[in-house]
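Here's the structure we're looking at; comments come further down.
The values are calculated or read from the model by the stated rules, or taken from the named source; none is laboratory data. Quick caveat: nothing in here was measured; it's all calculated off a predicted structure. Positions of Cβ are backbone-derived with ideal geometry, glycine not excepted, and every protein chain shown enters the neighbour counts.
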Amino acid sequence: MNHPKKQRRQLAHQSELDHLKEELAKKMILQIAQRFKVRESWTAGYRRIQAELDKLELHLSGDTIRKLMSEVSLYNRHRNGKYSSYHGTVGKIAANKLNQESNAHQPYQVIHTDVTQVRLANHQWTYISVMMDEASQDSLAFQLSTSPNKELIMRTLEELIDNLPDDAQPIIHSDQGWHYQLAYYTQKLANYHFVQSMSRKENCLDNTPVESFFHLYKKELLAGFPPCKDITELRKLSQNYIQYFNNVRTTLKTKGMTPVEYRNHALIA
């Protein structure tokens, strides 16, 4: 049986070793992070740090690395989360015209809209409103704002109207966000003979095209890069991405064509 004093010395020694190991790990984490510094911003996440530490035979769990990164002000929980505009019933709730059965093959028949959010370097949110054609996967409208307000939604709708043929009377599908329920929006749709459709509460399956676009937008344009410094920088990057998405990026969904190619092909078929 170990003597109590000996046990205390052993525990103290182990604690000292653990502390030294932590301090060494912090120093190594900072050195690794410095190698991956881009535009004066830290870009290495805990997984990359962990992989580099493994190469140096220092094996730590992800939780431990996140803790140590936080202690040296490196760990960033930055997320471009989903924006929820649902505030209950504040206006008109439209019927769901899709019911998970829509599979439009012709452009301008079904158009999906939604809003998401992206955090800037100053920790403020930018809100992004889009209109996506279900058949071509074409982004027909894309607007940004520092507020998810009426102006953002109406600018998106106006851009869509400008990009539609004069005789188009599509279904416009959204969630039950408060701005899609109010009279200024529903009346504008009615004025152009657009058919309004809404998903049921907390069911985004009918809005898959726009959800998919937001996922790709954040993954391909934003993931792995420092947050944009302001909305002007994000707008410029986004405009370039929309050009790429509509005119360069091909998918199996559009039979190996770009959205614009598919749209033009479908309209003359």
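Brief remarks on what is shown
- Ser129 being over 30 Å from Ile231 (Cβ atoms) and part of a strand (DSSP E or B): no
- Selection of first residues in the stretch 43-70 that are over 20 Å from Phe225 (Cβ atoms) and of second residues that are among the β-branched types (Val, Ile, Thr), restricted to Cβ pairs under 8 Å at least 6 apart or on distinct chains, gives the following pairs, ordered by first then second residue: Gln50/Ile65; Leu53/Ile29; Leu53/Ile32; Leu53/Ile65; Ile65/Ile29; Ile65/Ile49; Leu68/Ile29.
- Selection from the stretch 147-165 of residues that are of a type outside the set (A, V, I, L, M, F, W, C) and at pLDDT 95 or above: Glu151, Arg155, Thr156, Glu158, Glu159, Asp162, Asn163, Pro165
- When the stretch 110-124 is filtered for residues that are touching a residue at least 12 places away in the same chain (Cβ under 8 Å) and either surrounded by fewer than 19 Cβ atoms within 10 Å (Cβ to Cβ) or of a type in the set (Lys, Arg) (or both), the ones remaining, listed by number, are Gln117, Arg119, Leu120, Ala121, Asn122, Gln124.
- Just one of (1) more than 26 Å from the chain's Cα centre (by Cα); (2) surrounded by 22 or more Cβ atoms within 10 Å (Cβ to Cβ); (3) among the polar types (S, T, N, Q) fails for Thr186. It is (2).
- Flag if Asp133 is among the charged types (D, E, K, R), out of contact with any helix residue (DSSP H, G or I) (no Cβ under 6 Å at 6 or more places or on another chain) and without any contact (Cβ under 8 Å) to a residue 40 or more places away in the chain: no
- Helices (runs of 4 or more DSSP H) contained entirely in the stretch 136-217, each with at least 2 residues that are in contact with a strand residue (DSSP E or B) (Cβ under 7 Å, 6 or more places away or on another chain) and either closer than 18 Å to Gln117 by Cβ or touching a residue at least 12 places away in the same chain (Cβ under 8 Å) (or both): 150-163, 183-191, 208-216
- Scanning the stretch 218-256 for residues that are surrounded by fewer than 13 Cβ atoms within 10 Å (Cβ to Cβ) and assigned to a loop (DSSP other than H, G, I, E, B) gives Ala223, Gly224, Phe225, Val248, Leu252, Lys255, Gly256.
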